[in-house]
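Scroll down for the structure; my scribbles are underneath it.
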Amino acid sequence: MIGENNSGINVSSDPGLQERRKHPRYPFTATIEMVEPLSHTRIQGRTNDLSRGGCYVDATSSFPAGSVVNVHITKETRSFEARAEVAYSIDGMGMGVKFSDADPEQVLILEKWLAELKGEMLPEPTVAQPSDASFVQQQRPCNEEYFVLNELVMELMRQGVLSNIKCEAMLQKLNRNGRAKAIQAMPESRLTGLMPF
């Protein structure tokens, strides 16, 4: 696992066996591409969960347990790359992978995602807002509403009331609506040159 010297986590599908993972897992949906470096075989799928030690990948094809692969996980505008080992594989369903090596800047991305999932920090905004200071001052009440609603949606996900997918959809809609309200409130002279959304 990243940043650790021990080499393994034994994972079993037997519910009678004790959980041996060293890091908590969080629901996390993102696209993932895995490449086996010797054969250049590529498998694409979606993550189901994420931890500091690895993730579970939903995919119709899978690499055999013990395979070393390069992973590339993408969520919105951020991506994470690391070397990983397939811990276990279930034909037609997916596989569990454990991260073994990543550059420090990649580990930082992983840590930010995990902090967001734990509720320790808010997700980075997915819709860029105009950077003009006068615009920001004019829109302060709208921004406050956005932040409160954003925090509420995130808290509902953390409490298990909303799924990760539903939370993501609501946040994207909130970002679109927040931007629409902000643009509606702009003076007509400020609207020229803005891209449609």
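The values are calculated or read from the model by the stated rules, or taken from the named source; none is laboratory data. The structure displayed is predicted, hence computed values, not measured ones. Positions of Cβ are backbone-derived with ideal geometry, glycine not excepted, and every protein chain shown enters the neighbour counts.
Annotations for the structure displayed:
- Selection status of residue 74, within 26 Å of residue 163 (Cα to Cα), in a strand (DSSP E or B) and not assigned by TED's automatic domain parsing to the domain that holds residue 172: yes
- Residue check, residue 104 surrounded by fewer than 12 Cβ atoms within 10 Å (Cβ to Cβ) and at pLDDT 90 or above: yes
- Taken over the stretch 32-54, the criterion of being part of a strand (DSSP E or B) and among the small types (Gly, Ala, Ser) is satisfied by 45, 54.
- If you go through the stretch 77-101 and pick out every residue that is surrounded by fewer than 19 Cβ atoms within 10 Å (Cβ to Cβ), assigned to a strand (DSSP E or B) and not hydroxyl-bearing (Ser, Thr, Tyr), you end up with 5.
- Taking the criterion of being polar (S, T, N, Q) and either crowded, with 17+ Cβ neighbours inside 10 Å or touching a Cys at 6+ places or on another chain (Cβ under 9 Å) (or both), the residues of the stretch 30-76 that qualify are 47, 48, 51, 62, 67.
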